[in-house]
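Structure, as C-alpha coordinates:
The values are calculated or read from the model by the stated rules, or taken from the named source; none is laboratory data. Fair warning: this is a prediction, and the values are worked out from it, not measured in the lab. Please note: Cβ atoms are built from the backbone with ideal geometry, for glycine as well, and neighbour counts cover all protein chains shown.
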Amino acid sequence: MKNIVVLISGRGSNFKAIYETSVKENWSENYGVQISGVISNRPDAAGLDYATAAGLPTVIIDHKHFASREDFEKVLADEADKMNADIIVLAGFMRVLTSYFVSRFEGKILNIHPALLPMFPGLHTHERALEAGVRIHGVTVHFVTAELDAGAIIGQAAVPVLAEDDAEKLAARVLKKEHILYPRAVRLVALGKVTLADGHAQMDEQTSQELAILS
Ligand code: GAR
(Lines give C-alpha, C1' and ligand atoms only; values in the text may rest on other atoms or scores of the structure.)
Protein backbone atom coordinates (compact mmCIF):
# COMPACT_ATOMS: atom_id res chain seq x y z
CA MET A 1 0.00 0.00 0.00
CA LYS A 2 1.27 3.50 -0.92
CA ASN A 3 0.62 5.94 1.89
CA ILE A 4 -0.27 9.59 1.42
CA VAL A 5 0.22 12.01 4.30
CA VAL A 6 -1.65 15.30 3.93
CA LEU A 7 -0.38 18.52 5.51
CA ILE A 8 -2.91 21.28 6.17
CA SER A 9 -3.10 24.65 7.92
CA GLY A 10 -6.74 25.63 7.59
CA ARG A 11 -10.02 24.94 5.81
CA GLY A 12 -8.80 21.72 4.20
CA SER A 13 -11.11 21.70 1.17
CA ASN A 14 -8.37 20.22 -1.04
CA PHE A 15 -7.69 17.51 1.53
CA LYS A 16 -11.43 16.80 1.59
CA ALA A 17 -11.54 16.59 -2.23
CA ILE A 18 -8.62 14.12 -2.25
CA TYR A 19 -10.18 12.03 0.51
CA GLU A 20 -13.63 11.98 -1.11
CA THR A 21 -12.14 11.03 -4.48
CA SER A 22 -10.10 8.27 -2.85
CA VAL A 23 -13.29 6.84 -1.37
CA LYS A 24 -15.38 7.28 -4.53
CA GLU A 25 -12.74 5.68 -6.76
CA ASN A 26 -11.82 3.11 -4.11
CA TRP A 27 -8.12 3.90 -4.30
CA SER A 28 -7.07 1.34 -1.73
CA GLU A 29 -8.52 -1.61 -3.65
CA ASN A 30 -8.13 -0.31 -7.20
CA TYR A 31 -4.69 1.29 -6.89
CA GLY A 32 -3.19 0.26 -3.54
CA VAL A 33 -3.13 3.92 -2.45
CA GLN A 34 -4.54 5.39 0.77
CA ILE A 35 -4.38 8.48 2.97
CA SER A 36 -2.57 7.29 6.09
CA GLY A 37 -2.80 10.51 8.12
CA VAL A 38 -3.26 14.25 8.32
CA ILE A 39 -0.87 16.69 9.99
CA SER A 40 -1.71 20.31 10.80
CA ASN A 41 0.65 23.04 11.98
CA ARG A 42 -2.36 24.89 13.39
CA PRO A 43 -4.45 23.46 16.23
CA ASP A 44 -7.59 25.25 14.97
CA ALA A 45 -7.44 24.03 11.35
CA ALA A 46 -11.01 23.20 10.30
CA GLY A 47 -9.75 20.33 8.13
CA LEU A 48 -8.78 18.43 11.30
CA ASP A 49 -12.44 17.98 12.27
CA TYR A 50 -13.22 16.51 8.87
CA ALA A 51 -10.22 14.14 9.11
CA THR A 52 -11.26 12.96 12.57
CA ALA A 53 -14.85 12.41 11.40
CA ALA A 54 -13.47 10.37 8.48
CA GLY A 55 -11.57 8.20 10.96
CA LEU A 56 -8.12 9.27 9.78
CA PRO A 57 -5.19 9.63 12.21
CA THR A 58 -4.40 13.31 12.87
CA VAL A 59 -1.43 15.03 14.47
CA ILE A 60 -1.02 18.69 15.41
CA ILE A 61 2.50 20.12 15.32
CA ASP A 62 2.21 23.77 16.26
CA HIS A 63 5.13 25.59 14.62
CA LYS A 64 4.92 28.33 17.28
CA HIS A 65 6.33 25.88 19.83
CA PHE A 66 9.63 25.51 17.98
CA ALA A 67 12.66 27.79 18.09
CA SER A 68 13.65 27.25 14.46
CA ARG A 69 12.16 26.01 11.19
CA GLU A 70 14.50 23.02 11.27
CA ASP A 71 13.41 21.96 14.77
CA PHE A 72 9.78 22.11 13.58
CA GLU A 73 10.58 20.20 10.40
CA LYS A 74 12.45 17.43 12.27
CA VAL A 75 9.30 16.63 14.22
CA LEU A 76 7.17 17.01 11.09
CA ALA A 77 9.39 14.57 9.17
CA ASP A 78 9.40 12.08 12.06
CA GLU A 79 5.59 12.14 12.26
CA ALA A 80 5.34 11.67 8.47
CA ASP A 81 7.71 8.70 8.79
CA LYS A 82 5.54 7.23 11.55
CA MET A 83 2.59 7.45 9.14
CA ASN A 84 4.80 5.58 6.59
CA ALA A 85 4.54 8.45 4.12
CA ASP A 86 5.37 7.56 0.52
CA ILE A 87 3.96 10.88 -0.70
CA ILE A 88 3.50 14.12 1.23
CA VAL A 89 0.68 16.34 -0.02
CA LEU A 90 0.64 20.01 0.99
CA ALA A 91 -3.00 21.09 0.92
CA GLY A 92 -3.20 24.71 1.98
CA PHE A 93 -0.16 24.14 4.22
CA MET A 94 1.04 27.68 4.77
CA ARG A 95 4.61 27.09 6.00
CA VAL A 96 7.64 27.43 3.76
CA LEU A 97 9.69 24.22 3.96
CA THR A 98 13.47 24.39 4.08
CA SER A 99 15.92 22.20 2.20
CA TYR A 100 16.17 20.05 5.36
CA PHE A 101 12.62 18.71 4.97
CA VAL A 102 12.58 18.84 1.18
CA SER A 103 15.76 16.78 0.83
CA ARG A 104 14.46 14.20 3.31
CA PHE A 105 11.47 13.57 0.98
CA GLU A 106 13.02 14.51 -2.37
CA GLY A 107 10.59 14.08 -5.28
CA LYS A 108 7.82 12.96 -2.93
CA ILE A 109 6.30 16.29 -1.83
CA LEU A 110 3.46 17.88 -3.82
CA ASN A 111 1.94 21.34 -3.45
CA ILE A 112 -1.05 23.09 -4.96
CA HIS A 113 -0.78 26.76 -5.82
CA PRO A 114 -3.73 28.88 -6.99
CA ALA A 115 -2.14 30.36 -10.14
CA LEU A 116 -0.64 29.24 -13.42
CA LEU A 117 2.99 29.06 -12.30
CA PRO A 118 5.51 30.46 -12.99
CA MET A 119 3.10 33.42 -12.96
CA PHE A 120 2.09 34.74 -9.55
CA PRO A 121 4.08 32.74 -6.98
CA GLY A 122 3.44 33.73 -3.34
CA LEU A 123 0.29 35.20 -1.81
CA HIS A 124 -2.80 37.06 -3.12
CA THR A 125 -2.65 35.35 -6.52
CA HIS A 126 -6.22 36.17 -7.57
CA GLU A 127 -5.88 39.87 -6.77
CA ARG A 128 -2.60 39.95 -8.68
CA ALA A 129 -4.10 38.14 -11.68
CA LEU A 130 -6.91 40.72 -11.84
CA GLU A 131 -4.44 43.57 -11.38
CA ALA A 132 -2.28 42.22 -14.24
CA GLY A 133 -5.37 41.88 -16.44
CA VAL A 134 -4.70 38.29 -17.54
CA ARG A 135 -7.62 36.67 -19.39
CA ILE A 136 -6.74 33.12 -18.30
CA HIS A 137 -5.89 32.14 -14.73
CA GLY A 138 -5.78 28.79 -12.95
CA VAL A 139 -4.04 26.39 -10.62
CA THR A 140 -0.82 24.40 -10.57
CA VAL A 141 0.25 21.21 -8.80
CA HIS A 142 4.03 20.91 -8.54
CA PHE A 143 6.82 19.04 -6.82
CA VAL A 144 8.15 21.02 -3.86
CA THR A 145 11.63 22.49 -3.72
CA ALA A 146 13.07 24.76 -1.04
CA GLU A 147 12.27 27.74 -3.28
CA LEU A 148 8.69 28.99 -2.82
CA ASP A 149 6.19 27.78 -5.48
CA ALA A 150 9.04 26.92 -7.85
CA GLY A 151 9.30 23.14 -8.26
CA ALA A 152 8.70 21.05 -11.37
CA ILE A 153 5.14 21.38 -12.65
CA ILE A 154 3.02 18.21 -12.50
CA GLY A 155 -0.33 19.50 -13.72
CA GLN A 156 -2.32 22.65 -14.40
CA ALA A 157 -5.97 23.62 -14.85
CA ALA A 158 -7.10 26.85 -16.50
CA VAL A 159 -10.12 29.07 -15.96
CA PRO A 160 -11.27 32.18 -17.82
CA VAL A 161 -11.13 35.56 -16.10
CA LEU A 162 -14.56 37.15 -16.60
CA ALA A 163 -15.41 40.82 -16.92
CA GLU A 164 -17.45 40.90 -13.70
CA ASP A 165 -14.81 39.08 -11.60
CA ASP A 166 -13.55 40.18 -8.23
CA ALA A 167 -10.91 38.18 -6.35
CA GLU A 168 -13.54 36.18 -4.50
CA LYS A 169 -15.43 35.08 -7.62
CA LEU A 170 -12.19 34.20 -9.39
CA ALA A 171 -10.91 32.25 -6.36
CA ALA A 172 -14.13 30.21 -6.26
CA ARG A 173 -13.82 29.34 -9.95
CA VAL A 174 -10.18 28.29 -9.47
CA LEU A 175 -10.99 26.30 -6.31
CA LYS A 176 -13.46 24.10 -8.23
CA LYS A 177 -10.60 23.19 -10.58
CA GLU A 178 -8.24 22.61 -7.65
CA HIS A 179 -10.62 19.95 -6.38
CA ILE A 180 -10.49 18.14 -9.75
CA LEU A 181 -6.78 18.53 -10.46
CA TYR A 182 -5.27 17.74 -7.07
CA PRO A 183 -6.86 14.30 -6.47
CA ARG A 184 -5.91 13.32 -10.02
CA ALA A 185 -2.30 14.51 -9.63
CA VAL A 186 -1.91 12.83 -6.25
CA ARG A 187 -3.17 9.50 -7.60
CA LEU A 188 -0.90 9.63 -10.66
CA VAL A 189 2.19 10.48 -8.58
CA ALA A 190 1.34 7.79 -6.01
CA LEU A 191 1.04 5.27 -8.86
CA GLY A 192 4.48 6.27 -10.15
CA LYS A 193 3.02 7.65 -13.40
CA VAL A 194 4.72 10.98 -12.70
CA THR A 195 8.26 11.16 -11.36
CA LEU A 196 10.79 13.90 -10.76
CA ALA A 197 13.92 13.58 -12.90
CA ASP A 198 16.45 16.25 -13.89
CA GLY A 199 14.27 18.95 -12.35
CA HIS A 200 11.26 18.09 -14.52
CA ALA A 201 8.12 16.03 -14.03
CA GLN A 202 8.40 12.96 -16.29
CA MET A 203 5.22 11.27 -17.55
CA ASP A 204 3.79 9.52 -20.59
CA GLU A 205 1.48 11.10 -23.16
CA GLN A 206 -1.77 9.87 -21.64
CA THR A 207 -0.78 11.11 -18.20
CA SER A 208 0.24 14.51 -19.55
CA GLN A 209 -3.19 14.87 -21.17
CA GLU A 210 -4.91 14.01 -17.90
CA LEU A 211 -2.88 16.68 -16.14
CA ALA A 212 -3.55 19.56 -18.54
CA ILE A 213 -7.12 20.61 -17.78
CA LEU A 214 -8.26 23.30 -20.20
CA SER A 215 -12.00 23.38 -19.58
C1 GAR B 1 -6.06 26.70 -1.79
O2 GAR B 1 -6.66 27.62 -2.67
C3 GAR B 1 -4.62 26.44 -2.20
O4 GAR B 1 -4.44 26.45 -3.58
C5 GAR B 1 -3.92 27.62 -1.54
O6 GAR B 1 -4.54 27.75 -0.29
C7 GAR B 1 -5.89 27.31 -0.39
C8 GAR B 1 -6.13 26.29 0.70
O9 GAR B 1 -7.48 25.90 0.73
N10 GAR B 1 -2.50 27.37 -1.41
C11 GAR B 1 -1.58 28.32 -1.48
O12 GAR B 1 -1.85 29.50 -1.63
C13 GAR B 1 -0.13 27.83 -1.35
N14 GAR B 1 0.78 28.79 -1.84
P15 GAR B 1 -7.92 24.56 1.42
O16 GAR B 1 -7.34 24.58 2.86
O17 GAR B 1 -9.43 24.66 1.46
O18 GAR B 1 -7.43 23.41 0.62
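Filtered by the rule that a residue be more than 16 Å from the ligand (Cβ to nearest atom) and in a loop (DSSP other than H, G, I, E, B), the stretch 75-97 gives M83, N84, A85, D86. What residue, of A152, A158, is closer than 29 Å to L214 by Cα, within 15 Å of the chain's Cα centre (by Cα) and more than 14 Å from the ligand (Cβ to nearest atom)? Residue meeting the stated conditions: A152.
Scanning the stretch 31-47 for residues that are within 13 Å of the ligand (Cβ to nearest atom), buried (at least 22 other Cβ atoms within 10 Å of the Cβ) and not in a loop (DSSP other than H, G, I, E, B) yields V38, S40, G47.
R11 - would you say it is of a type outside the set (S, T, N, Q), closer than 30 Å to A172 by Cα, modelled with pLDDT under 95 and not in a strand (DSSP E or B)? Spelling it out, it is not the case that R11 is of a type outside the set (S, T, N, Q), closer than 30 Å to A172 by Cα, modelled with pLDDT under 95 and not in a strand (DSSP E or B).
Can you find, within the stretch 48-74, the residue that is surrounded by the most Cβ atoms within 10 Å (Cβ to Cβ) among those that are part of a loop (DSSP other than H, G, I, E, B) and not β-branched (V, I, T)? If we take residues in the stretch 48-74 being part of a loop (DSSP other than H, G, I, E, B) and not β-branched (V, I, T), then L56 is surrounded by the most Cβ atoms within 10 Å (Cβ to Cβ).
Of the residues making up the stretch 116-153, those that are of a type in the set (A, V, I, L, M, F, W, C) and either in contact with a Cys (Cβ under 7 Å, 6 or more places away or on another chain) or in contact (Cβ under 8 Å) with a residue 40 or more places away in the chain (or both) number 11. Do we have V96 as of a type in the set (A, V, I, L, M, F, W, C) and either free of Cβ contacts under 8 Å to residues at least 24 places away in the same chain or on the phi > 0 side of the Ramachandran plot (or both) here? So V96 does not fit the description; no. The C-beta contact set for the stretch 16-30 (first residue within 14 Å of the ligand (Cβ to nearest atom), second residue among the aromatic types (F, W, Y) and assigned to a helix (DSSP H, G or I), distance under 9 angstrom, 6+ apart or interchain) comprises K16/Y50; A17/Y182; I18/Y182; Y19/Y50; T21/W27; T21/Y182.
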